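Working notes for the structure below.
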Amino acid sequence: MSSNTGQMGYLPRGGAIFCTIPDIFYLPELVFGGLVLSLVASTKLFPNNPQAYVITVAIFCFVMTFLWLLIFACGSHQNRNAWASADVAYHGFAALLYLSASVLLAYITIILEAGSDKDGILIYKLDIAAVVFSFFTTLLYVIHTVFSAIRWKSF
């Protein structure tokens with residue numbers, strides 16, 4: 001019987017990473033992480049506003065996920081067990097970072113409600129969209145972590 005999670009002791013290489021679970025989540029993580037980054041960066045950052053942390057988390061996770069995607073696509077992972085455990089560790093860490101950033105972004109969005117002017121309403125709507133995409137990106141990283149842990153246990 002075939003499985004979409006890959007074979008026992010198998011880490012995909014090349015184009016196979018776009019056909020196996022959990023590796024199929026790389027592209028949605030990059031797309032929605034980039035949306036979070038662009039939405040938060042397009043709002044006004046006040047001096048005491050902790051949205052800089054959200055941008056830092058989004059940039060870090062975007063760059064590291066892209067590098068992780070390249071490592072798997074190029075087939076540079078030789079020691080399968082070490083790479084599988086590193087995959088679980090990275091995606092778990094990224095999920096925690098995104099969860100903390102999402103909660104902080106939601107809190108700041110509630111605190112900085114829309115003003116009566118046109119710019120305030122636009123910024124508020126951008127922040128709400130960023131919160132939704134941030135929580136969705138968190139969910140993608142959590143799902144990727146769970147399936148990576150299942151794959152890691154198969155080694």
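Give me the accessible area of residue 70, 1.4 Å probe, in Å² rounded to the nearest 10.
Approximately 70 Å² of residue 70 is accessible to the 1.4 Å probe.
Please give the FRET efficiency for residue 154 paired with residue 66, using the beta carbon to beta carbon distance and R0 = 30 Å, rounded to the nearest 0.05.
0.70
From the phi angles alone, apply the Karplus equation (6.51, -1.76, 1.60; θ = phi - 60°) to region 102-109 and give each ³J(HN,Hα) in whole Hz, x where the residue is Gly or Pro.
5, 5, 5, 5, 5, 5, 5, 5
Just to be sure I understand the curve: with the Debye formula and one point per C-alpha of region 91-155, what is log10 I(q)/I(0) at q = 0.22 Å⁻¹?
-0.83
The values are calculated or read from the model by the stated rules, or taken from the named source; none is laboratory data. Note that the structure is predicted; figures quoted are calculated from it, not measured. Note: ideal-geometry Cβ built from the backbone for every residue, glycine included; neighbour counts use all protein chains shown. Quick note on the areas: whole protein, heavy atoms, side chains included, nothing else; ligands and nucleic acids left out. Shrake-Rupley method; radii C 1.70, N 1.55, O 1.52, S 1.80 Å.
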